[in-house]
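Please read the structure below before turning to the comments.
The values are calculated or read from the model by the stated rules, or taken from the named source; none is laboratory data. None of the values given here were measured: they were computed from a predicted structure. Every residue, glycine among them, receives a Cβ derived from its backbone with ideal geometry; neighbour counts consider all protein chains shown.
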Amino acid sequence: MPELDSIRGVAILGVLLYHGLLLLLAFVILFSPASRLISFYLARSNGFVSYVCNDYTWNALDGLVLGAFWPFFSASCLKGQLKPSRAVFQKALIVVFRTALTVWGIGIPFGICTLQEAVGAALQVTPWHFLFVALIGLCLLVGSSRQKRFVQVKSFQFLGEVSYGLYLYHLLIFTLFDHFARSTGISSTIDPIFMLLIRFLIVSAIAIPASLLSPRLFEDRFLNLKTRLAP
């Protein structure tokens, strides 16, 4: 039957695309440390390796991919493409957590704690990525159990709601605060540790309300235009 063959073809194509995407994600996770290593040797030829190298997009792709893993995983579960049991899910988290510890254990003697060594430049952030993947997975596991009260904290949920705004605004407010502190000379008259605390509190006091008001005053208006202008 042509219709049945067409449905099967679409299903097979979907499966191939799904597994192809997984392979692409795995490639990116493996490629990023190699990219950071290349950047390290290129930067070292100038005499000093700056941490800024790891901020380049192509050197941070593994963090972006692993950050998108849980939304991708959740969507796959909702669509029925993945149906892991809690036991399998828990074992997978243990594997990820042990991977982070293993990378740290092997890397510490070879300089993973400093960006001035090749191993550190390539792999310093990698175990942190895996650790946070495991931590978020643990929150999902606990959050879907009877102990969900331990992870469904209202203050954290509030910060989650304004997290996009914080991502947009916090660096700008940090920069403005640093400029003010330098221009007035305040930073040189206060203990550095105490200054860091003051900096964090003041910037948080500005960035969080700004992130809360921004959707209501600006973002939602532009999003609503899409509905109004739609044909």
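General remarks:
- Residues considered: Leu171, Leu141, Leu176. Of these, the only one that is surrounded by 12 or more Cβ atoms within 10 Å (Cβ to Cβ), out of contact with any strand residue (DSSP E or B) (no Cβ under 7 Å at 6 or more places or on another chain), part of a helix (DSSP H, G or I) and in contact (Cβ under 8 Å) with a residue 40 or more places away in the chain is Leu141.
- Residue count for the range 83-132, restricted to those that are in contact with a helix residue (DSSP H, G or I) (Cβ under 7 Å, 6 or more places away or on another chain), β-branched (Val, Ile, Thr) and farther than 24 Å from Tyr56 by Cβ: 2
- Flag for Gly107 being in a loop (DSSP other than H, G, I, E, B) and either modelled with pLDDT of 85 or more or on the phi > 0 side of the Ramachandran plot (or both): no
- Test result for Leu217, in contact with an Asp or Glu (Cβ under 9 Å, 6 or more places away or on another chain) and of a type in the set (A, V, I, L, M, F, W, C): no
- Those residues of the range 110-127 which are in a helix (DSSP H, G or I), surrounded by 14 or more Cβ atoms within 10 Å (Cβ to Cβ) and not hydroxyl-bearing (Ser, Thr, Tyr), in sequence order: Ala118, Val119, Gly120, Ala121, Ala122, Leu123, Pro127
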